[in-house]
Each structure stands twice: as structure tokens, then as C-alpha cells.
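Remarks on the structure that follows.
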Amino acid sequence: VKDTPTDLGVVETIAEKIGCVKESLLGKVWDVKFVDKGDDVMNSSDRLELHQDEPYYEESPGIVFLHCIRNDSHVVGGENVCIDAFPVIEEFKKAHPQHFKTLSTVPATFQKLWKKGEEVIIKLKRQKHHIAVDRYGEVIGISWSQHNVGPVYAPEDEIEAYFEAYLELSKAFDNSPTKLHSRPEKGDVLTLNNKRMLHSRDAFTLNGGSRHLQG
């Protein structure tokens, strides 16, 4: 969606036209802007790996909105990158059937540590398979977020196979020619199906400018 108003909180108004807004630890609306030495990687200028939002909840968000309030021309980088994970996984299944089986049977751990200073005040943890399949082996879900991955709780003989499969699928996502790149412009609202799409952000340099988005 393009050319929307750039007032704070507009993203919630837009989301409410589609359904109920789910509140998270960050509230109903959260800011994505550079914070020097901040606690959350999304508020850094670093590259974000391909991921889904909040997989550490029992039910992760269905649709994610990201509203660009400001992105000055001085800012270099910071492109949004999106990919539909399902076609990549289908190709991965054909090329690496054993890796596919591993990621659909060995559970991953997703966690969020919420700190106040050095003290952890909230810890959310959820085990899910990276690849969810139905009784016929068909892909019905994906859970993927490298910056929320916790320890693997599995028999020792499955650990090595898990990491080999994990790295192989990560390369498949990163090297896929189906990734879409776009620079967020003032008034843009990026809308994602968080159940099957992954998104990331390239690293950026402010160069004296400002970059502010709300989700």
C-alpha cells in the first residue's frame, strides 16, 4: 500500500480494517528506528536475517504491517527483503529429503528474553518444528527466526543432523532468486503473511538522515 498518511499510529488504523490487532510485548504498535546501543536488533542499523515475527508465541501473528513514516534520501541501504518460504521448502524437500525430514521432526526452540538492564524480567519459550507437515507429509507451516533461536533439546545423535539441515535451508533461503527487494518510502505499508513469508532488512547508514517505521 502506498501514499498513506504518515501520522504515528496510522498502521493500527489500517490493520483494524482487516481484523483484530494482536498485542505483543511491544504493545499494539511498535517503533523501528535507530537507537544507539539499544537492546533490540531491529532498532540497530545492522542487517536483519530472513525471519518471521514472534515465533516464540504459541500462535505467531498472521499478518504483519510495516508502515514507513520517514526514510530520508540521505539514508543508504535498509531495503526490505521478502520471500515466500513455501516454494523454497518444496525445492529443498526434493534436493535434500533427509534434511527436510530432520527439520520436520526435530523440534527447534524459539525464545525471547526481555531485559531491564541486565535482569531478565520476561522469558518466552516455545518449541516448534521449523517445517510443519500434515499427515501426508505436505508442508503446512514454517517457523524461522535466527535471532530468536534457543538451545536444541533433542537426543545427542540428532543434534549434528539438525544443524546441518538448518544451515542448508538457511542457504536455500539466502540464495533464492525469488527474493523481492524494495526500499521503504514515506507512506508505504508493507503487508506480509507471517505464516509463510520471511522478511529481512539490509544494513543501513543514516548519514545524518532519519529512518522511522512502525509495525
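The values are calculated or read from the model by the stated rules, or taken from the named source; none is laboratory data. On a predicted model such as this, the values are computed, not experimentally measured, just so you know. We place every Cβ from the backbone using ideal geometry, glycine too, and count neighbours over all the protein chains shown. We work out accessible area using only protein heavy atoms, side chains counted, and drop any ligands, DNA or RNA first. Shrake-Rupley method; radii C 1.70, N 1.55, O 1.52, S 1.80 Å.
Under a 1.4 Å probe, what is the accessible area of the stretch 1-156 per residue, stated in Å²?
Solvent-accessible surface per residue comes out at 57 Å².
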Principal axes of the stretch 112-214: Cα extent on each, largest first, Å | 51, 41, 22
Heavy-atom accessible surface of the stretch 11-76: percent carbon and sulfur, 1.4 Å | 49
Indicate the helices, whole DSSP H runs only, in the chain that combine a mean Kyte-Doolittle hydropathy of -1.0 or more with a Cα extent along their long axis of 27 angstrom or more.
-> 156-175
Relative contact order (%) - criterion: Cα under 8 Å, at least six apart; region: the stretch 126-175 = 20
Counting only residues 5 or more places away or on other chains, whose amide H sits under 5 Å from the amide H of Ala132 once H atoms are built in the peptide plane?
-> Ile140, Gly141, Ile142, Ser143
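Using Cα-Cα distances under 8 Å and only pairs 6 or more residues apart, what relative contact order does the chain have, in percent? Please report the intermediate quantities before stating the final value.
Details: 413 pairs, mean separation 90.1, N = 215.
So the answer I get is 42 percent.
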Take Phe163, Phe100 and sort them by solvent-accessible surface of the protein heavy atoms, 1.4 Å probe, largest at the top.
-> Phe163, Phe100
With charges set only on the Cβ (+1 for Lys and Arg, -1 for Asp and Glu), what does the dipole of the chain come to about its Cα centre, in debye to the nearest 20?
-> 300
Tell me the GluC sites (Glu not before Pro) within the stretch 56-153 that lie in a loop according to DSSP and have at most 10 other beta-carbon atoms within 10 Å.
-> Glu58, Glu59, Glu118, Glu138
Ranked highest first by the average count of other Cβ atoms within 10 Å around their residues, in what order do 185-195, 147-157 fall?
-> 185-195, 147-157
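Ordering Val75, Val41 by accessible area with a probe of 1.4 Å, largest first, what comes out?
Solvent-accessible surface, decreasing: Val41, Val75.
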Could you compute the FRET efficiency for Lys22 and Asp72, with r as their C-beta to C-beta distance and R0 at 30 Å, rounded to 0.05?
-> 0.45
